[in-house]
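Trainee: One structure, as structure tokens, below. Some questions next.
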Amino acid sequence: MATRRIIFPDHELIAGLAGEHNAHLHLIEEGTGVSLNLRGNKIGIKGRDWEVELAETVLKQLYNLLESDYPLYPSDVEYAVRIVSGDPSADLKTIFREEISISSKKKIITPKTINQKNYVDSIRKFDIVFGIGPAGTGKTYLAMAMAVSSLIKKEINRVVLARPAVEAGEHLGFLPGDLCEKVNPYLRPLYDALHDMMSFESASRLLEQGVIEVAPLAFMRGRTLNDSFVILDEAQNATSEQMKMFLTRLGFSSKAVITGDVTQTDLPKGKTSGLVEAKEILKGVKGIEFVYFSREDVIRHRLVQDIIDAYEKMERQKQGLENRV
């Protein structure tokens, strides 16, 4: 067992580092396996050599974040441990201080993992970006934050949010209401994310004016989208034809972000996912960037990671059995 002691000069920042009732320190203990002891402005660390090294790196980097006036939340501490565990050379300040400017009084939107930082950087740099990975990795949320930010900065004139309306268990024709009412449940997650970033009044006004449009993917046919930020969500449910149609809608001074999870397609059996196909067809095309997320990037409840692991294990077992047959 190894022991180490770190001295931090600012008593107020130490309080922020420790968290209310030392909640942040408990999260670091849980995530790294060490035992932490806070006395005044000193934190003692006890554990195995590599655990002590990890905990010290996390503590020092979180303290540096606090020095830059970053508001530290318990979720940030969890993400910090996860990031540094995966890459000890990672710079938390570079990742967490990558703020996405939106007109909101709510919590600042920032990347929480290295892949999320790469994703935001790619959206800034490239006109077409694919974000591929499991649920809960922030693919759609960050893309929408970037779209709203671009709209506020007047970099674009319109935001278009699209989703395939794939029937999963219920046929659209049997659902009550007109066409808009039938497809609205498929688009609800996009509205929820939008209202999380803007006041209800602002979002409603922009939707009424057509500055922000939320629509089924099928409504994109025949259009050319200039000066727009276009997001295709749940793209694994787009057919090959729909994906080609969507990608060829992009006009001048526009960006497109395509998000999806290739392991969760709801397309009929035998129908090829346009997202899966696009991965192969477009790889290596200059100006198009692919960013891949993994379970390490999940920013929902910690059980989501375990659920993803369980399903991936089952898929590997199924594939193993199929290979033996």
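Trainee: Based on Cα positions only, what radius of gyration and what Dmax would you give for the chain, in angstroms?
Mentor: 22.4, 68
Trainee: Zone of E99 (label point 7 Å along Cα→Cβ, backbone N under 11 Å): which residues in region 62-83?
Mentor: Backbone N within reach: 69-71.
Trainee: With charges only on Cβ, +1 for K and R and -1 for D and E, what is the dipole size of region 209-324 about its Cα centre, in debye, rounded to 20?
Mentor: Values: 17 positive and 17 negative charges, 58 e Å.
Charge dipole, region 209-324, about its Cα centre: 280 debye, nearest 20.
Trainee: Ordering L206, L250 by accessible area with a probe of 1.4 Å, largest first, what comes out?
Mentor: Working: L206 30, L250 50 Å².
Order by accessible area, largest first: L250, L206.
Trainee: Can you figure out the FRET efficiency of S202 with K60, using R₀ = 56 Å and their beta-carbon distance, to the nearest 0.05? Walk me through the intermediate numbers first.
Mentor: On the way: r = 40 Å, r/R0 = 0.71.
Computed FRET efficiency for S202 and K60 comes out at 0.90.
Trainee: List every residue whose amide H lies under 5 Å from the amide H of F290, counting only residues 5 or more places away in sequence or on a different chain, with H placed 1.01 Å from N in the peptide plane.
Mentor: Under 5 Å from the amide H of F290 lie the amide H atoms of F130, each far enough along the sequence or on another chain.
Trainee: Only four residue types carry charge here, +1 at the Cβ of Lys and Arg and -1 at the Cβ of Asp and Glu. Report the dipole size of the chain about the Cα centre in Debye, rounded to the nearest 20.
Mentor: Details: 42 positive and 45 negative charges, 100 e Å.
Its charge dipole is roughly 480 debye.
Trainee: For S204, what accessible area in Å² do you get when you roll a 1.4 Å probe over the heavy atoms of the protein chains, rounding to the nearest 10?
Mentor: 30 Å²
Trainee: Roll a 1.4 Å probe over the protein chains and send me the accessible area per residue for the chain in Å².
Mentor: Details: 17270 Å² over 325 residues.
On a per-residue basis, 53 Å².
Trainee: Report the gain in length on full extension from W50 to F252: 0.36 nm times residue separation, minus Cα-Cα distance, nm rounded to one decimal. Before the final figure, lay out the partial values.
Mentor: Working: separation 202, 0.36 × 202 = 72.72 nm, distance 5.15 nm.
Gain on extension, W50 to F252, equals 67.6 nm.
Trainee: Right, here's the next one. Keeping the other protein chains in place, figure out the carbon and sulfur percent of the accessible area of the chain, with a 1.4 Å probe.
Mentor: Details: 8940 of 17270 Å².
Reported share for carbon and sulfur atoms: 52 percent.
Trainee: Further question: Which value at 222 nm does the chain reach when only helices count, each DSSP H run of 4 or more adding -39,500 (n - 2.57), with the total divided by all residues and rounded to the nearest 500 deg cm²/dmol? Display every interim value, and only then the final one.
Mentor: Numbers: 12 runs with 149 residues, N = 325.
When only DSSP H runs of four or more count, the value is -14500 deg cm²/dmol.
Trainee: So for T113, T140, what's the accessible-area order with a 1.4 Å probe, most first? The partial results should precede the final answer.
Mentor: Numbers: T113 5, T140 30 Å².
Ranking T113, T140 by accessible area, largest first, yields T140, T113.
Trainee: Search the structure for amide H atoms under 5 Å from the amide H of I212, placed 1.01 Å from N in the peptide plane, and list their residues when 5 or more places away or on another chain.
Mentor: HN-HN under 5 Å from I212: V159, L207.
Trainee: Any idea what the relative contact order of the chain is, in percent, if you count C-alpha pairs under 8 Å spaced at least 6 apart? If you can, show how the numbers build up before the last one.
Mentor: On the way: 507 pairs, mean separation 56.1, N = 325.
Computed value for the chain: 17 percent relative contact order.
Trainee: In addition: Summing Lys, Arg as +1 and Asp, Glu as -1, what charge do residues with Cβ under 15 Å from the Cβ of F8 carry, F8 excluded?
Mentor: Values: positive: R4, R5, R39, K42, K60; negative: D10, E12, E56, E67.
Result for the neighbourhood of F8: +1.
Trainee: May I pose another question? What is the dipole size for region 188-236, taken about its Cα centre, with +1 at each Lys and Arg Cβ and -1 at each Asp and Glu Cβ, in debye to the nearest 20?
Mentor: Working: 4 positive and 8 negative charges, 45 e Å.
In total the dipole reaches around 220 debye.
Trainee: Can you give the accessible area of Y63, probe radius 1.4 Å, in Å² rounded to 10?
Mentor: So the heavy atoms of Y63 present about 10 Å² to solvent.
Trainee: Okay, moving on. Which residues' amide hydrogens lie under 5 Å from the amide hydrogen of G19, considering only partners 5 or more residues apart or on another chain, with H built in the peptide plane?
Mentor: Here the answer is H24, since their amide H atoms fall under 5 Å of that of G19.
Trainee: Give me the number: length gained by fully extending D69 to N37, i.e. 0.36 nm times residue separation minus the C-alpha to C-alpha distance, one decimal in nm. Working shown, then result.
Mentor: On the way: separation 32, 0.36 × 32 = 11.52 nm, distance 2.45 nm.
Roughly 9.1 nm would be gained on extension.
Trainee: On to the next question. Tilt of helix 49-67 relative to the longest C-alpha principal axis of the chain, in degrees (0 to 90, nearest 10)?
Mentor: Approximately 70 degrees, to the nearest 10.
Trainee: DSSP beta bridges in the chain, what fraction antiparallel, as a percent rounded to 5? Each step should come with its number before you reach the end.
Mentor: On the way: 13 of 38 bridges.
Around 35 percent of the beta bridges assigned by DSSP in the chain are antiparallel ones.
Trainee: Please work out the C-alpha center-to-center distance from region 280-298 to region 88-166 and express it in whole Å.
Mentor: Computed from Cα coordinates, the inter-centre distance equals 15 Å.
Trainee: Looking at region 58-155, which trypsin sites (Lys or Arg not before Pro) are in a loop (DSSP not H, G, I, E or B) and have at most 10 other Cβ atoms within 10 Å?
Mentor: Numbers: sites: K60, R82, K93, R97, K105, K106, K107, K112, K117, R124, K125, K139, K153, K154; in loops: R97, K105, K106, K107, K112, K153, K154.
Of the trypsin sites (Lys or Arg not before Pro), the ones in loops of region 58-155 whose Cβ has at most 10 other Cβ atoms within 10 Å are K105, K106, K107, K153, K154.
Trainee: Next question, about the same structure. Relative to the longest principal axis of the chain, what angle (0 to 90°, nearest 10) does the C-alpha long axis of helix 23-32 take?
Mentor: Around 80 degrees separate the two axes.
Trainee: Still on this structure: Just need the relative contact order of region 1-68 here, percent rounded to a whole number, with Cα pairs under 8 Å and 6+ apart. Walk me through the numbers on the way to the answer.
Mentor: On the way: 87 pairs, mean separation 27.5, N = 68.
Once normalised by length, the contact order is 40 percent.
The values are calculated or read from the model by the stated rules, or taken from the named source; none is laboratory data. In this text, all values refer to a predicted model and were calculated from it rather than measured experimentally. Using ideal geometry, Cβ is built from the backbone for each residue, glycine included, and neighbour counts are taken over all protein chains shown. What goes into the accessible areas is simple: the full protein's heavy atoms, side chains included, and nothing from ligands, DNA or RNA. Shrake-Rupley method; radii C 1.70, N 1.55, O 1.52, S 1.80 Å.
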